[in-house]
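Step one of this worksheet: look at the structure below.
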2 protein chains.
Amino acid sequence: MVSEERRVRILAVAKRLGYRPNLMARAIQTGRSHIIGVSVPPIGDFGSRMVCGIHEVLVVSDHLPLLHWRTPDPSADPERIRSAELAVVNALLDYRVDGVILFPADDWVLDLHFRELHRRGVPLVTVDRQLQQVAADFVGTDDRYGARLAAEHLLALGHRQVAQLAGAMSYGTYADRSDAFEETIRSAGGTCVTLEKPALSELAGTIFQTNRLLDSRPRPSAVFLAHDHLASGVFAAAAARGLQIPRDLSVIGFADLAHAALLHPPLTTVRQDTEAIGRRAADLVLRRCLGQEIGEPVRLRLVPELIVRASTASISQGRE
Amino acid sequence: MVSEERRVRILAVAKRLGYRPNLMARAIQTGRSHIIGVSVPPIGDFGSRMVCGIHEVLVVSDHLPLLHWRTPDPSADPERIRSAELAVVNALLDYRVDGVILFPADDWVLDLHFRELHRRGVPLVTVDRQLQQVAADFVGTDDRYGARLAAEHLLALGHRQVAQLAGAMSYGTYADRSDAFEETIRSAGGTCVTLEKPALSELAGTIFQTNRLLDSRPRPSAVFLAHDHLASGVFAAAAARGLQIPRDLSVIGFADLAHAALLHPPLTTVRQDTEAIGRRAADLVLRRCLGQEIGEPVRLRLVPELIVRASTASISQGRE
DNA sequence: GTGAAAGCGCTAACAT
DNA sequence: ATGTTAGCGCTTTCAC
């Protein structure tokens, strides 16, 4: 140990000279950059809050997020998208990040895709999408539980003939929601017609599918949406044929985006705590960096919460 | 020059071995980390889009944003907040970022606050808030022009007795909006009563001030909001006294947040292109890094755009 | 054109 | 307890 007096004096001089350690130089030596690569586009409610959660945890642990995400590629060729994603991860690696938090483009990348990460011993945590074939940690939402919440809410209101507008089944997230919802409805003796929404967030597509849903006989008294985003389209389609929400049709979403509460009527939905997902992901990646949390990939699914608003109502009111 | 054949062979071997240059090591040598420190919280519509714009430009120029913002401090002591901000900038500096993009906490920091940046020759670009006493580049919105746009819109609709709910005048942004709005109204022969909103985004405070505005005689037929955020409160206050928008009161905002279009009625507002602000800021900081763009601090104010929706209407309809 | 050597700012492993 | 040295992975300079 150095003597206390010396220590103080040195520190004083250092400050007077305006000395600041060069973390790059330190990183090169210690092999720890204290930088975490974050490939989560801070777009919309979802990504923003995730990034905030990540930042919050990293900062208190003396780390910083280096942001880099795939620039959206209209050519929906999955192979191109994947290789773009790989390029992003590798770029992050070039900066010698200690770990990577990734919101993957899809669920079906192969493990060897991330060979470079493994070779370097850099931990990978994916958020929201769980990679099937990759040995990586994962933090997301308990989609099955959330869908069950939605189904039970509808059942409790007396709905038996229901429908759902599902997301692309190629994403585990949407498959889980759809599956668990249908199962819950069925096992309570209800019927559920499921339609898949081709590409998310296309208003026209949503309206088209909603119309098909509303044409099925008997007409469903409630509809579960794979994502809040779809609500505007569903509301529009319902309004177009003079159906009132929730009197003629109950609608329940998933996510609880900021705009859900602003819709007319405000949307009942299943709330994901996105910020918490970010926090847990950061936590995990940090723990892996410290060499704790060894062994099998961790799969964390945070419990969502039912937020009842005005877009769902008891079936007894009026019709049927 | 190396011979072409050798070059190709070397590169091939490098790839086979999975060689990736260590950018940290390179940075330490060249003095360029190719990292830009970004202190813009990606929160809400505003920060998110700004960060996206920044990212977009940085990436194509082979740079990456290192994110680090001040964690919001409820103790509104300006001195504490400033020193927290300084700490953030210094932390960024420790990573040897090539430049800094900052969304400042307030407009009144002194130049010596950023001494460390100057000493190191690290360029600073502030967004949205222009630091009065600091020799830094700035990219923001032409607030005066935007406010004039709003005023002229109202005037064109026939409004002469108008009001505004202004933001805290300690921010240049809000002072400019308020001032230019009032001036435009006045010089057209109208009258304008101005009330300052104590702390932004407090619903109760907004409602209270709106009530005061609506109590003034003659009652204003239109109100200009320093920020879209205030709209919910104003709408609520108007509804509470049975006033219909826009029939009894026209409302115009500033920003064009995503929720503006979702309000009932949809909010007429002045749109800032936040993403473009981010892009220009990144552009500027990059140029400074290259040593171009020498000399006086650049002050860029992007031209906003009037978005007419349903919350404003001609005064001729009905009253007065 | 190519190889060797110095050095960037630091840490870690040694001596003293 | 303190001082010295080697070396992290790169770029730059200067011989060859």
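Based on the alpha-carbon gyration tensor of the protein assembly as shown and its eigenvalue square roots a ≥ b ≥ c, which shape applies: rounded if a/c is under 1.5, prolate if not and a/b is larger than b/c, or oblate? It comes out oblate by the Cα gyration axes.
Indicate, rounded to the nearest 5 percent, the antiparallel portion of the DSSP beta bridges found entirely in the protein assembly as shown. Walk me through the intermediate numbers first.
Numbers: 7 of 79 bridges.
The antiparallel proportion sits near 10 percent.
Using the Cβ-Cβ distance between B:L17 and A:R32 with R0 set to 35 Å, the FRET efficiency works out to roughly 0.90.
Between copies, the label points of A:D62, set 7 Å from Cα on the Cα→Cβ line, lie 3.3 nm apart, reported in increasing order to one decimal in nanometres. Projecting label points 7 angstrom from Cα along Cα→Cβ for B:R247 and B:N211 puts them 2.4 nm apart. Here the sum of -39500 (n - 2.57) over DSSP H runs of 4 or more residues, divided by the residues of chain B, equals -13000 deg cm²/dmol at 222 nm, to the nearest 500. Once the Cα-Cα distance is subtracted from the 0.36 nm per residue extended length, the B:A310 to B:L112 segment shows a gain of 66.5 nm.
Placing a label point 7 Å from the Cα of B:R80 along the Cα-to-Cβ direction, the distances to the matching points in the other copies come to 5.2 nm, shortest first. Inter-copy label distances for B:L203: 2.7 nm (label point placed 7 Å from Cα along Cα→Cβ; shortest first). Shown here for the range B:1-108: chymotrypsin sites (Phe, Trp or Tyr not before Pro) in loop regions (DSSP other than H, G, I, E, B) with at most 14 other Cβ atoms within 10 Å, namely B:Y19.
Between B:D176, B:D73, B:D45, the GNM of chain B built on Cα springs shorter than 10 angstrom shows B:D73 fluctuating the most. With a Förster radius of 41 Å applied to the beta-carbon distance between B:A84 and A:A204, the computed FRET efficiency rounds to 0.30.
Ordering B:T269, A:T184 by the number of other Cβ atoms within 10 Å of each residue's own Cβ, fewest first, gives A:T184, B:T269.
Read-outs throughout are calculated quantities, based only on the coordinates presented, and are distinct from any laboratory measurement. Keep in mind it's a predicted model, so treat the numbers as computed, not measured. Every residue, glycine as well, gets a Cβ built from its backbone with ideal geometry; the counts of neighbours run over all protein chains shown.
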